[in-house]
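Notes follow once the structure below has been shown.
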Amino acid sequence: LRLPWIKGHGFWCQDMDWLHIVWRLRNLYIDRKLIFCGHNLDKENLYKAGPHITGLRAQDLNGSDKQNYEAIKRMVGVNDDGEGLDIDMIAALWPQEDFRPDAMYWLFVRKFLCIFISDAPVKEKLEMAGWVLGYLALMKMMIGKEKDQTLQKNFLSNETYLDVVVSVINFVLILILMRDAKDGEGSWSHNKLIDVLVRFITKRFSSRFSEYIFGFVRSILPNQTSFRARQAITVTNYILFQLGAEYELGKAMPGSKRRVARGKTRSDRDAKKEVMDEIYSLTDEEITEAIDAGIKSVLETVTNDPADGGLRDVEGRAPLPTFAQLRNEKLLKTTGSSGPRTVGEWELSIQDFFDLGANESQGLLDAQTIVLEAELKKRARA
């Protein structure tokens, strides 16, 4: 297992905004003719099931309402902390074979979301990561085998697909970084910065939580519209001081009308220490096993007999892949870039990302970086 290293910058880990990604996953389900293993995914199926089964409201399937996070929580059946709701749409749809492919799509969204917002054990989150990557690899592979289906019409948008893959992969890589990175004394298990890193991992990778910081800044700098980097250090130290005081005292600090109500401190250091102990004890083999278990679970769900909760066969559908074939399905691809960094064509599969330890050269790591750099440049031009 290796982390991308960019010369002159160091270890490279890109976190994506999971909130914007799940918004787009909902919008694509509503507006695009998605197909999974020959099954059409259609919001009409949720209408047919009825609100007494799904627990949805009329606005939840309105494609014009593109940033409805409350709708997403109802569709995946979890609250803000990734805990189950009283009405679980996925569990309610699953017994009906006609609705099972749609339920499986929303199970994919739930697992992606819970990687970032839930307090599930780290190994369980790694299995969720494998499930998400396996689902997308299978969906993409099966569409590519059919003459009447295309990735442009029946798959996620390229931007959303790339963001899901990158965010999940880098979640795993960040765990590895936190496990292996060292401070000046050879270990950072006693580094004060580790508490800050853990506090902002996963759930804090979202613009939603940036609003707490913005609100805090507005409350202490009410007459300023901007501030420079040097002043940002003072502001950040003040925020961390308040969080630490709230933790030590067990009481919320006085609030302000100019900021988002924060209530009880959101930093539970004792719980975070347990998370770090779990991360420190992870081995490469355990990480790989958890990811593989997620991939296998996707295949089992599709291949199981419908009477046992599997998907119904579709007449004329291309054969399903084996586990090894699915694990080697290419997730990202680039044809290189102009200039001295051109490396030709690279394709990266799930196995490539998490078996890099077998390759001592920088080839795959450079390719991984170029894939993402190329996408960033394309977006900048757009």
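General observations
- Compactness of region 110-179 - radius of gyration and Dmax, Cα, Å: 13.9, 46
- Its Cα centre serving as origin, region 36-97 has a Cβ charge dipole (Lys and Arg +1, Asp and Glu -1) of approximately 240 debye.
- Full extension of the chain between residue 31 and residue 214 yields a length gain of 62.6 nm, computed as 0.36 nm times the residue separation minus the alpha carbon distance.
- Taking the average, over residues, of other Cβ atoms within 10 Å as the packing measure, peptides 82-89, 168-175, 291-298 rank 168-175, 291-298, 82-89 from highest down.
- Global form of region 14-132, assessed from the alpha-carbon gyration tensor, a/c cut-off 1.5: rounded
Laboratory data are not the source of any read-out in this text; all were calculated from the coordinates shown. From a predicted model like this one, the values you see are computed outputs, not experimental measurements. We place every Cβ from the backbone using ideal geometry, glycine too, and count neighbours over all the protein chains shown.
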